[in-house]
Amino acid sequence: MFATGSENLGPYQWRILARRIEELTADSEVDGVVVTHGTDTLEEAAFFLDLVCKPKKPVVLTAAMRPSTALSADGPANIFQAVLAATSPQLQSHGLLVVMNGLVIPGWQIIKTDSVALDSFHAYPGGPIGKIVGESLLLFGSPNLSPLVGRFHNHLRNDDELPFVDIVLLRAGCGDQPLADFEGNACKGLVVAGFGGGTMPDNLNRIVAETANSGCTVVVSSRVSKVTVLAETMTPVKSKKVFPSGLLNPQKSALLLSLALDANLDALEISELFNVFVIQ
Ligand code: ASP
């Protein structure tokens, strides 16, 4: 549909893709759908599609870490494995999946962990639900559907742009600068990629609270690759409009927050969305 690198794609294109997926999966002639996508924003695409689609047939995203001109390019095998998965009746109720490098991973959990390695894609939280060996699909257990699968299905009826949610990534010694621009601006949503479990310097904790008081919803996430940010691990004080991202990385948090703001959910409803990924 979009013959371009995935660095050029975002929610606008993914909504068009989602509508096409819905159309195809409603067609009785179609057993399943395979989407080829660039690796660079695959994790956001899969997370977004999982939030807006309600497929009743297998939908499988795949990609390639090596270009088609490389020795041992991985694209052809990945496409073969993705088609195998998409035509497997056993994957009927597993939601949207990513199949790459012989692994079957729930789409909402996929993260890119390496810029070049063939085994760049991992499931977080959780693990693969199956693997492909030769021409056989081996499933390890029951479906691992996202607790929010299809939660924003109504978004497919809209044509408006999603509200912009910014991500600010902190670095050691950054002072107030990263958040200075947010005080009093019109941004409705902000994700701060803090340190470790969502920590940030004292001054920034204060600015986060002020930013939220001015009407901006702030989600605290982390710059680590496998994120766990809870109210008790982050340093900004949790409040109605400042809450932790749980297990979601900054880019997935920003997508979820913009869909939630677009759906006019209130602050409590939005914080509960982030909570559903953690059972305490
Ligand atoms: N920049 C490319 C993309 O994400 C890299 C790739 O295809 O994996 O589209």
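The values are calculated or read from the model by the stated rules, or taken from the named source; none is laboratory data. Values in this document were obtained by computation on a predicted structure and should not be read as measured data. Ideal geometry is used to build each Cβ from the backbone, glycine not excepted, and the neighbour counts take in all protein chains shown. Heavy atoms of the whole protein, side chains included, go into the accessibility calculation; ligands, DNA and RNA do not. Shrake-Rupley method; radii C 1.70, N 1.55, O 1.52, S 1.80 Å.
With all protein chains in place and ligands, DNA and RNA left out, the 1.4 Å accessible area ranks L230, L255, L71 as L71, L230, L255, largest first.
Computed from label points 7 Å out along Cα-Cβ, the spacing between S93 and L138 is 2.5 nm.
For the range 81-157 versus the range 1-53, the inter-centroid distance based on Cα atoms is 14 Å. For the range 123-208, chymotrypsin sites (Phe, Trp or Tyr not before Pro) meeting the loop criterion (DSSP other than H, G, I, E, B) and having at most 11 other Cβ atoms within 10 Å: F140.
Based on the alpha-carbon gyration tensor of the range 140-184 and its eigenvalue square roots a ≥ b ≥ c, which shape applies: rounded if a/c is under 1.5, prolate if not and a/b is larger than b/c, or oblate?
Oblate, since a/c reaches 1.5 and b/c is not below a/b.
For the chain, the residue among L255, S72, T233 whose Cα projects farthest onto the positive side of the dipole built from Cβ charges is T233. Its Cα centre serving as origin, the range 214-280 has a Cβ charge dipole (Lys and Arg +1, Asp and Glu -1) of approximately 280 debye.
Helical runs (DSSP H, four residues minimum) scored at -39500 (n - 2.57) apiece and divided by the length of the chain put the mean residue ellipticity at 222 nm at -8000 deg cm²/dmol.
Of the residues I279, Q13, A186, the one whose Cα sits farthest toward the positive end of the charge dipole of the chain, with +1 on the Cβ of Lys and Arg and -1 on the Cβ of Asp and Glu, is I279.
Amide hydrogen proximity for G38: with H placed 1.01 Å from N in the peptide plane, the residues at 5 or more positions away or on another chain lying under 5 Å are S6.
Think of each Lys and Arg Cβ as +1 and each Asp and Glu Cβ as -1; about the Cα centre, that makes the dipole of the range 1-154 roughly 300 debye.
The alpha carbon convex hull volume per residue for the range 150-274 rounds to 95 Å³.
For V168, the residues 5 or more places off, or on other chains, whose built amide H falls under 5 Å of its own are V191, V192, A193. For F164 and L268, the difference between the fully extended length at 0.36 nm per residue and the C-alpha to C-alpha distance is 35.5 nm.
Residue by residue, the range 53-67 carries 3J(HN,Hα) couplings of 9, 10, x, 9, 10, x, 10, 10, 9, 9, 7, 9, 7, 10, x Hz when phi is fed to the Karplus relation 6.51 cos²θ - 1.76 cosθ + 1.60 (θ = phi - 60°); x denotes Gly or Pro. When the solvent-accessible area of the chain is split by element, carbon and sulfur atoms take up 52 percent of it, the probe being 1.4 Å.
Among the trypsin sites (Lys or Arg not before Pro) in the range 166-232, those placed in a DSSP loop whose Cβ has at most 11 other Cβ atoms within 10 Å are R171.
Counting charges near F195 (Lys, Arg +1; Asp, Glu -1) among other residues having Cβ under 12 Å from its Cβ returns a value of +2.
Determine the relative contact order of the range 82-139: mean sequence separation of Cα pairs under 8 Å and six or more apart, normalised by residue count, in whole percent.
On the way: 80 pairs, mean separation 16.1, N = 58.
In percent, rounded to a whole number, it is 28.
Mean sequence separation of contacting Cα pairs (under 8 Å, at least six apart), scaled by the length of the chain, corresponds to a relative contact order of 14 percent. Around V59, which amide H atoms from residues at least 5 apart in sequence, or from another chain, sit under 5 Å from its own amide H, with H modelled in the peptide plane? Long-range HN contacts for V59: V33, L97. Annotation for the range 11-116: trypsin sites (Lys or Arg not before Pro) lying in DSSP loop with at most 12 further Cβ atoms inside 10 Å of their Cβ are K56. Quick one: compute the contact order of the range 144-214, relative version, from alpha carbon pairs under 8 angstrom and 6+ residues apart, as a percent. It rounds to 34 percent for the range 144-214.
Normalised per residue, the accessible area of the chain is 46 Å², obtained with a 1.4 Å probe and no contribution from ligands, DNA or RNA. The magnitude of the dipole of the chain, with charges of +1 and -1 set on the Cβ of Lys/Arg and Asp/Glu and taken from the Cα centre, is near 420 debye.
Surface listing: T228, T36 arranged by accessible area from highest to lowest gives T36, T228, probe 1.4 Å.
What stretch of the chain, leaving out the sites themselves, is the longest with no GluC sites (Glu not before Pro) in a DSSP loop having at most 10 other Cβ atoms within 10 Å?
Working: sites that count: E29, E135, E232.
Formally, the longest exposed-site-free interval is 30-134.
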